[in-house]
Structures are given as C-alpha cells and as structure tokens.
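First up is the structure itself, then whatever we jot down about it.
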Amino acid sequence: MSIGMPTMNLASLNSPLGSASMTYMRKRSSDENDVLSSNKRQFSPASLSSAGLTSTFGPNSAELIGVDPTYVPVVRKRKSVLVIYVRFQGENIYRAIYLEHLTVSDLVSKLGQRLEMQTVAAEVEVVRRTRKGLTVKVDDGMVGQLEDEQDMEVECSFASDTGALTIYLHY
C-alpha cells in the first residue's frame, strides 16, 4: 500500500460541524476494501459535540445520537410533468398551470380550475391559433409536444345554444 498526497476535504469548510479536515488518499490494493475517499466526510467526537450531537464509535461504524432514525421524508403526492404559463383574456398576469399528464383532458381540467368554472360544459374543444393565423384542433400529441414553461394566452368561448365550450390557445 502506498500513501498519496494529502487532500483537503472542502465539503467541511462550509459545514457547521467544524473546520476543514485532512484525509489521505490511499491507492486501492487488491486485498484492501477500506479505502478512504475524499467524498466521505469524517467526523470526530469533538466536531459532533460542538453541533449538539453525541456519538458512539465502533470499529467499523459511527452511531449518531439525537437523530430520529424513524424519520421518513414526505414525498409529494402529485408530480407535474409540464408547467405552462397562461394569461386569460382581460388579465395582465400569467398564471402557472401544472400538468400531471400530457393529455387534453388534464389541460382542460387545470384550466377549468384556474377559471373557477363550477360546471364543465357538455362538449369542450381546445383549439390553437398560431401566429400565422392557422386554427388547429389540439390533441394529446400536441400537448405532449408543448415546451416546459411555454407561455400562451387563453380565450374561452361558450355557445349557450349547444352548451359547447371552446378554449382558444394563442402561442
């Protein structure tokens, strides 16, 4: 086994647990598995007690006392796959819409929540109006092709005779 040059553990410089520590990099031999790594942080009993923690050290491990071992971080229940910014007709501010699924139905549902619509129309059609003046019916494939953080203007038209709602997207 040969010992290399000392390296400074920079991760501990900003640590509340104390000052920088020196670790020595050792070259791995075929029969040695306990190689020190500069990525692993090494704590001393003095640095732990200065942070308000106590520890017991064994030959191959350290046990922290004062840390809840049963703590499990809460995972968000809903995860968005796409965020778009919409500005409704007559408003000056864009609002964020978080889509969980890349479907027209999810887009209509989220837009309905932002518009605070109590009842959903019997028939909903989503149409895109391009800058060139084309009118294109939006399907799931088009929603899947939207860029993350795409900005757009939304205009709604309700036909009282048929009960149909048409949502126009301008982007």
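The values are calculated or read from the model by the stated rules, or taken from the named source; none is laboratory data. Values in this document were obtained by computation on a predicted structure and should not be read as measured data. With ideal geometry, Cβ positions are generated from the backbone for all residues, glycine too; neighbour counts draw on all protein chains shown. Note: accessible area is taken over every heavy atom of the protein model, side chains too, but ligands, DNA and RNA are not part of it. Shrake-Rupley method; radii C 1.70, N 1.55, O 1.52, S 1.80 Å.
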- Query: Residues in segment 74-85: is at least one among the charged types (D, E, K, R), out of contact with any His (no Cβ under 9 Å at 6 or more places or on another chain), open to solvent by 70 Å² or more (accessible area, probe 1.4 Å) and at pLDDT 90 or above?
  - Reply: no
- Number of positions in segment 76-96 that are assigned to a loop (DSSP other than H, G, I, E, B) and in contact with an Asp or Glu (Cβ under 9 Å, 6 or more places away or on another chain): 6
- Query: Do any strands (runs of 3 or more DSSP E) lying entirely in segment 97-167 carry at least 1 residues that are surrounded by fewer than 11 Cβ atoms within 10 Å (Cβ to Cβ), and which ones are they?
  - Reply: 135-137
